[in-house]
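Student: Following this message is one structure expressed as structure tokens.
The values are calculated or read from the model by the stated rules, or taken from the named source; none is laboratory data. What you are looking at is a predicted structure, and each value in this text was computed from that prediction instead of being measured. Note that we place each Cβ from the backbone using ideal geometry, even for glycine, and neighbour counts take in every protein chain shown.
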Amino acid sequence: MAEIKKVAVIGSGVMGGAIAAHVANAGIPVVLLDVAAKEGDRSAIAKGAIDRLLKTDPAPFMHNKNARLITPGNLDDDLNLLADVDWIVEAIVERLDIKHALYEKLEKARKPGSIVSSNTSTIPLDKLVEGRSAEFQRDFVITHFFNPPRYMRLLELVVGKKTSPDVAKTIEKFCDVNLGKGVVHCHDTPGFIANRIGTFWIQQAINSAMDLGLTVEEADAVSGRPMGIPKTGVFGLVDLVGLDLMPHISASLLSTLPPKDAYRDIARDVPLFKKLIESGYTGRKGKGGFYRLDRTGGAKTKQTLDLVSGEYRNEQRAQLTALDASKAGGLKGLVTSDDKGGKFAWAVLSATLSYAADLVPEIADTVHDLDEGMRLGYAWKRGPFELIDELGTGWFADKLKAEGKPIPKMLAVANGRPFYRVENGKLQQLLPSGDYADIKRPDGVLLLADIKRASKPVAKNASAQLWDIGDGVLCLEFRSKMNSMDADIMAMIQRAIGTIGDGKSGPYKALVVYNEGDNFSVGANLGLALFALNLAMYPQVEEMVSGGQQTYKAMKYAPFPTVVAPFGMALGGGCEIVLHASAVQAHAELYIGLVEVGVGLIPGWGGCKEMIVRHQQNKKRPGGPMPAVGKAFEIISTATVSRSAAQAQEYLFLRDSDGITMNRDRLLADAKARALELSKDYKPPVAPEIRLPGPTAKAAFKLAVDGFVASGKATAYDQVVSDALGDILSGGNTDITEIKTEDDITALERAAFMKLVRNDGTVARIETMLETGKPLRN
Ligand code: NAI
């Protein structure tokens, strides 16, 4: 298999630019070409795209320095830049004649054997390669990214009849391992998987909401959490994607779908939507869409479009019996609820799930491919076949029959059996042949979910479990609500330390801390803390602080290695466990930070101590104790959170030696490999000697915060919290001639923490966070 070391992207528009940025995120140099500008700098279009990418939010780059990996150019003067490129991605306008003309040029300019792919959403592969040489056809595939490419995990891969298997394998591996995409094989059919089903679903939901008289809020409340589609709901999603895109996608599907396709029966032009688009109401990128913020009179009011009158009115909370029915009875409770909410849910789901169940094996080989497509491309929590399984295939088929509706192909194949089952601890899926087959994971993919199906935990309590993940490695999984840290998790870490022992004489030699929740951990359980504070149980609170400090210290100095594998949010106490790991293997999408000040606290489980040591040992910054603690103070006092693992390295939440995994599904395997590597010749770290500046630093911190308060950037209570933080980071009553131990610093953390929790300002911040999820600016 060839290796991809250099990439080119042609077309620097919405998709091309962002694909180039994501290739750069993988550390791969990339050439970005667009048409030559008519006057001035001939490469201005591609250069302008890079400038635009640097300003886009959410950021296409994981770190701004990645922009340096992109070489901009133009298609008239710079085709020679393609001569050493291994993969050329075409992402130019969706017009066959223009794509054909470009391919003719590429045929001459590309390196023999290099891979060429198109990002087309709608043009069949067969048509794209018409008139091209046999070599070009052998090296050609469709790689369909989703917008925005950094964040949307799905990559639909279409392999042509003449594509060489080696080309398909090379591109699949690169997109999976290097770009972190979930690669799903699709057949060369209109809209591939996700847009085919997604467009049907959106249209059906809009039709049913209008026919059954639901408001936008009601339709979104039902289609959001209860159906497991992200909380935006369906109208919120259209606002996000852009109303103006919908008619284009619809028209393109209608021009290519088979004559009897069910989408043809539901496609509708809605005059109201046309009017919205024409007047600039295209969604979040325009003046608003189904939702908008009204700014008249200075205040911001959330407004919603009334689907009947076409006027905006203030947002109304949805109140439907179906929502309660879904809480009590799950999906079945929702779709059988008698009110319009239940009728809407059934109308949308019965039609969409039937549509999907009729499309296997036409658009992809397996039901699992369709489920992956909808999960990764449209952020559904469960794919269509998982949803049918939840209702029961037999129940679903009976209800369709009772309504005189046809039974879709795969539902007939299932004949009452589920689409997924567990056999001998292995997850299996139902094939179109009627047989079941194991779901195979690519090499290097290890999922805790799979291990859990096939084994029992080594130990468990209410908030955590320990799993044997093979080869002598234990995995500690958080299982508390939002993976918040509590005494049970600390107890399980202690239990793991005891079970692994010296890492030599027993069955285990290393620990991995990992889970498969939405986020790694949102930090300490604030609800428990507030409960204790309301009862003035200060000794118990202090015990919680010192318990965490001791546990993390024991883990750091254990005779075996601990690899922590964070992803998504790793905040507060969830960040502090990362700081105490022997090594970290992080997912590239890591949002890590010490955010305690937001709830009127300071990092009390060794977070301040670790940040002091890391910043003091940092070789890239000027030496001396003052700049180091100054940087740590800045990061902690502003609750800085990284927007990627690469940025976490800059803040020293991660070390340069820590690993980064692009594909979420590969994180556990990579962490385990790291742990095994470290365990070979493992020695615990040597405790650092810490020298701190003392009162001079404290005074400097105070001066800085006073300045922020004076300019309105910090509040009065920020001053109180920063002051407590200053007590720790300055080292208290000391100077640089004195050597402090880690225990000295954690004692300072404890004292500052206990001072703050006795303060009403802190209690008010915790209460507000628990009630609203937002920090109180008191
Ligand atoms: P865009 O309109 O933002 O960008 C198109 C780019 O093509 C522009 O930079 C333009 O200068 C360049 N271009 C125009 N004529 C050209 C020519 N003769 N030769 C070379 N370049 C030329 O379009 P967008 O949205 O980035 O789409 C690009 C491709 O990606 C299309 O095939 C589209 O179907 C596909 N796609 C788009 C998605 C989206 O959400 N926008 C999602 C997935 C795929």
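Student: What are the pairs with Cβ atoms under 6 angstrom where one residue, in region 271-298, is over 20 Å from G233 (Cβ atoms) and the other, located anywhere, is small (G, A, S)? Sequence gap at least six, or different chains.
Tutor: G280/G286; K287/G280
Student: Here's another thing I want to ask about it. Can you tell me which condition W380 does not meet? The list is (1) surrounded by fewer than 22 Cβ atoms within 10 Å (Cβ to Cβ); (2) at pLDDT below 95, and all the others hold.
Tutor: (1)
Student: Here's something else I'd like to know. Out of the residues in region 244-265 that are surrounded by fewer than 17 Cβ atoms within 10 Å (Cβ to Cβ) and in contact (Cβ under 8 Å) with a residue 24 or more places away in the chain, state the one that is farthest from the chain's Cα centre (by Cα).
Tutor: Looking at residues that are surrounded by fewer than 17 Cβ atoms within 10 Å (Cβ to Cβ) and in contact (Cβ under 8 Å) with a residue 24 or more places away in the chain, I get T256.
Student: I'd like the residue in region 614-645 that is out of contact with any strand residue (DSSP E or B) (no Cβ under 7 Å at 6 or more places or on another chain) and among the small types (G, A, S) and, out of all such residues, is surrounded by the fewest Cβ atoms within 10 Å (Cβ to Cβ).
Tutor: Per the stated criteria, the residue is G623.
Student: Still on this structure: Tally time: how many residues in region 499-514 are at negative phi and small (G, A, S)?
Tutor: The number of residues fulfilling the criteria is 3.
Student: Among the residues that make up region 311-321, is at least one of them at pLDDT 95 or above, β-branched (V, I, T) and in a helix (DSSP H, G or I)?
Tutor: For region 311-321, residues at pLDDT 95 or above, β-branched (V, I, T) and in a helix (DSSP H, G or I): present.
Student: Among what's in region 43-102 and is charged (D, E, K, R), crowded, with 18+ Cβ neighbours inside 10 Å and touching a residue at least 60 places away in the same chain (Cβ under 8 Å), pick the residue that is farthest from the ligand (Cβ to nearest atom).
Tutor: Of everything passing the filter in region 43-102, D86 is farthest from the ligand (Cβ to nearest atom).
Student: Can you confirm whether L253 is of a type outside the set (D, E, K, R), within 16 Å of the ligand (Cβ to nearest atom) and farther than 23 Å from E218 by Cα?
Tutor: Spelling it out, L253 is indeed of a type outside the set (D, E, K, R), within 16 Å of the ligand (Cβ to nearest atom) and farther than 23 Å from E218 by Cα.
Student: Would you point out the residue of region 117-126, among those that are at pLDDT 95 or above and either of a type in the set (S, T, N, Q) or in contact with a helix residue (DSSP H, G or I) (Cβ under 7 Å, 6 or more places away or on another chain) (or both), that is farthest from the ligand (Cβ to nearest atom)?
Tutor: S117
Student: Restricting to helices (runs of 4 or more DSSP H) lying wholly in region 600-716: which have 3 or more residues that are closer than 24 Å to K556 by Cβ, of a type in the set (A, V, I, L, M, F, W, C) and in the same structural domain as L776 (by TED's automatic domain parsing)?
Tutor: 607-617, 625-637
Student: For T143, work out the one condition from (1) within 16 Å of the ligand (Cβ to nearest atom); (2) more than 22 Å from I363 (Cβ to Cβ); (3) within 27 Å of the chain's Cα centre (by Cα) it doesn't fulfil.
Tutor: So T143 meets the others, but not (2).
Student: Further, regarding this structure: Can you name the helices (runs of 4 or more DSSP H) wholly within region 514-583 that have at least 2 residues being surrounded by fewer than 16 Cβ atoms within 10 Å (Cβ to Cβ)?
Tutor: Answer list for region 514-583: 526-534, 538-556.
Student: Across region 32-42, what is the number of residues that are within 33 Å of the chain's Cα centre (by Cα) and either without any contact (Cβ under 8 Å) to a residue 24 or more places away in the chain or away from the ligand (no atom under 12 Å from the Cβ) (or both)?
Tutor: Total satisfying the criteria: 0.
Student: Output yes when any residue across region 11-25 is at pLDDT 95 or above, more than 13 Å from the ligand (Cβ to nearest atom), touching a helix residue (DSSP H, G or I) at 6+ places or on another chain (Cβ under 9 Å) and closer than 21 Å to D76 by Cα, and no when none is.
Tutor: No - not one qualifying residue is present in region 11-25.
Student: Out of curiosity, is L96 farther than 22 Å from I197 by Cα and touching a strand residue (DSSP E or B) at 6+ places or on another chain (Cβ under 8 Å)?
Tutor: no
Student: Mind telling me which of the residues K105, K111 ends up being part of a loop (DSSP other than H, G, I, E, B), free of Cβ contacts under 8 Å to residues at least 60 places away in the same chain and either surrounded by fewer than 23 Cβ atoms within 10 Å (Cβ to Cβ) or within 10 Å of the ligand (Cβ to nearest atom) (or both)?
Tutor: From the options K105, K111, the qualifying one is K111.
Listed here are the residues, each with its yes/no results for (1) of a type outside the set (D, E); (2) touching a Pro at 6+ places or on another chain (Cβ under 8 Å).
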residue	(1), (2)
V23	yes, no
P29	yes, no
L32	yes, yes
E39	no, no
S43	yes, yes
L53	yes, yes
P58	yes, yes
F61	yes, no
L69	yes, yes
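Student: OK, next. Among the candidates V413, V522, V422, single out the residue that is closer than 29 Å to V360 by Cα and in contact with a helix residue (DSSP H, G or I) (Cβ under 7 Å, 6 or more places away or on another chain).
Tutor: Checking each option against the conditions leaves just V422.
Student: Failed condition for I736, given (1) more than 21 Å from L579 (Cα to Cα); (2) of a type in the set (V, I, T); (3) at pLDDT 95 or above, with all others met?
Tutor: (3)
Student: Another question, if that's okay. Run E130 past the list (1) in a helix (DSSP H, G or I); (2) farther than 14 Å from V9 by Cα and report the number of the one that doesn't hold.
Tutor: Evaluating E130 over (1) in a helix (DSSP H, G or I); (2) farther than 14 Å from V9 by Cα leaves (1) as the failure.
Student: Still on this structure, I have one more. If you scan region 401-419, which residues turn out to be touching a strand residue (DSSP E or B) at 6+ places or on another chain (Cβ under 9 Å) and either surrounded by 18 or more Cβ atoms within 10 Å (Cβ to Cβ) or touching a residue at least 60 places away in the same chain (Cβ under 8 Å) (or both)?
Tutor: M410, V413, A414, P418, F419, listed by residue number.
Results for (1) polar (S, T, N, Q); (2) touching a residue at least 40 places away in the same chain (Cβ under 8 Å); (3) over 23 Å from R441 (Cβ atoms), shown as yes or no for each residue.
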| site | (1), (2), (3) |
| --- | --- |
| A322 | no, yes, yes |
| K340 | no, yes, yes |
| S350 | yes, yes, yes |
| L353 | no, yes, yes |
| Y378 | no, yes, no |
| T393 | yes, no, yes |
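Student: Here is a follow-up. Is it the case that region 187-200 has a residue that's in a helix (DSSP H, G or I) and farther than 27 Å from H368 by Cβ?
Tutor: Among the residues of region 187-200, not one is in a helix (DSSP H, G or I) and farther than 27 Å from H368 by Cβ, which makes the answer no.
Student: Give the residues of region 205-225 that are surrounded by fewer than 23 Cβ atoms within 10 Å (Cβ to Cβ) and within 17 Å of G383 (Cα to Cα), sorted by residue number.
Tutor: Of everything in region 205-225, those that are surrounded by fewer than 23 Cβ atoms within 10 Å (Cβ to Cβ) and within 17 Å of G383 (Cα to Cα) turn out to be G224, R225.
Student: Same structure again: Is at least one residue of region 135-156 hydroxyl-bearing (S, T, Y), over 21 Å from P58 (Cα atoms), part of a loop (DSSP other than H, G, I, E, B) and outside the structural domain of R664 (by TED's automatic domain parsing)?
Tutor: For region 135-156, residues hydroxyl-bearing (S, T, Y), over 21 Å from P58 (Cα atoms), part of a loop (DSSP other than H, G, I, E, B) and outside the structural domain of R664 (by TED's automatic domain parsing): absent.
Student: I'm trying to understand the selection: among the residues of region 5-56, which are aliphatic (A, V, I, L, M), part of a loop (DSSP other than H, G, I, E, B) and closer than 25 Å to R153 by Cα?
Tutor: The answer is A26, I28.
Student: On to the next question. If a residue has to be closer than 24 Å to K127 by Cα, more than 12 Å from the ligand (Cβ to nearest atom) and in contact with a Cys (Cβ under 6 Å, 6 or more places away or on another chain) to count, how many in region 146-193 make the cut?
Tutor: 3
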